1. Just to confirm, what accessible area per residue do you get for segment 135-218 at 1.4 Å probe, in whole Å²?
2. Of TRP181, THR147, THR212, which is farthest along the charge dipole of segment 135-218 in the positive direction, counting Lys and Arg as +1 and Asp and Glu as -1 at C-beta?
3. Quick one: P(r) of segment 135-218 from all Cα-Cα pairs, 5 Å bins, percents rounded to integers, in order of increasing distance.
4. Among the listed pairs LYS170/LYS209; LYS175/LYS209; LYS73/LYS175, which have their C-alpha atoms separated by more than 28 angstrom in this model?
5. Excluding GLY88 itself, calculate the net charge of residues whose Cβ lies under 11 Å from the Cβ of GLY88, where each Lys or Arg counts +1 and each Asp or Glu counts -1.
6. Going Cα to Cα from LYS75, which aspartates and glutamates come in below 20 Å? Please leave out same-chain ones fewer than 8 positions away.
7. Whenever you get a sec, compute what percent of the accessible area on segment 135-218 sits on carbon and sulfur atoms (1.4 Å probe).
Amino acid sequence: IKNGTRMSSEKMAESIGSGKSWLISVPSKIPVLESSCVVIPCEYDYPTKGNLWKKWRGYWTRGDETVASNNPKFKLKQEFKGRSRITGTIESNDCTWQLDDVRETDTGPKTCLNNYLTSNFVKIVDCTGVPEPPVMTVSVNNHASATCTVTHACPSSPPKFSWSHPGKTKTSSKKLKEGLWSTKSTLTFTPEEADFNKPLKCTVNFNDKKTTEGSVLLVKKISQISIRLQYHW
């Protein structure tokens, strides 16, 4: 139980070493895009009774190597220096970790530790160098409305969108499960005759390093016309 709310048992793992119902909640795996960032959500619960610390220290490790810590005196190795940090507040049961400029060598299991709390649970997987093309939709009535949607693991630095046609744009994001986010750009404009039967393109930029593109065909809506024939004899 955390703040009166029961945490999902499917995402919770028993800690190692405490034996007093220390629990941790992290996704089992997260697919990421190379050179982008990944934010791994992490929450934990601990016994209300027993020894509590005035200052909590959190660590993420890979094998015997520490890859992130909220301890200001701890020095990370050069491989993770400047691109790895715990963004959650450990004292508030939040051990979220952010890793910037993800590399292929970052894949594999990671462990979150907090004093007596540890869980061999998270894997960064499928570190692909080529982003998936966006999912696109378009509808035409009095105005044209097109959407361009991508999934990513970096909510602190969402992708940027650009369109091949001018118009009013709006960008929104929503959280998905397993540490993933969906970000959508919506373009609205009044089409002219020359716009129809031509591709409408959306380009997505990830962290100013990777791009992907999608397109949809803008088709003019044909109005249905009812014809009544009247015969005279």
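The values are calculated or read from the model by the stated rules, or taken from the named source; none is laboratory data. What you are looking at is a predicted structure, and each value in this text was computed from that prediction instead of being measured. When we count neighbours, we look across all protein chains shown, and the Cβ atoms used for this are built from the backbone with ideal geometry, even at glycine. Surface accessibility is based on the protein's heavy atoms, side chains included, excluding ligands, DNA and RNA. Shrake-Rupley method; radii C 1.70, N 1.55, O 1.52, S 1.80 Å.
1. 57
2. Farthest along the dipole direction, towards plus: TRP181.
3. Here the calculated profile for segment 135-218 is 3, 15, 26, 23, 15, 10, 6, 2, 0.
4. Over 28 Å apart, Cα to Cα: LYS73/LYS175.
5. Values: positive: ARG85; negative: GLU43, GLU91, ASP94.
Cβ neighbours under 11 Å give a net charge of -2.
6. ASP64, GLU65, ASP100, ASP101, ASP106
7. Working: 2370 of 4830 Å².
Carbon-and-sulfur percentage of accessible area, whole number: 49.
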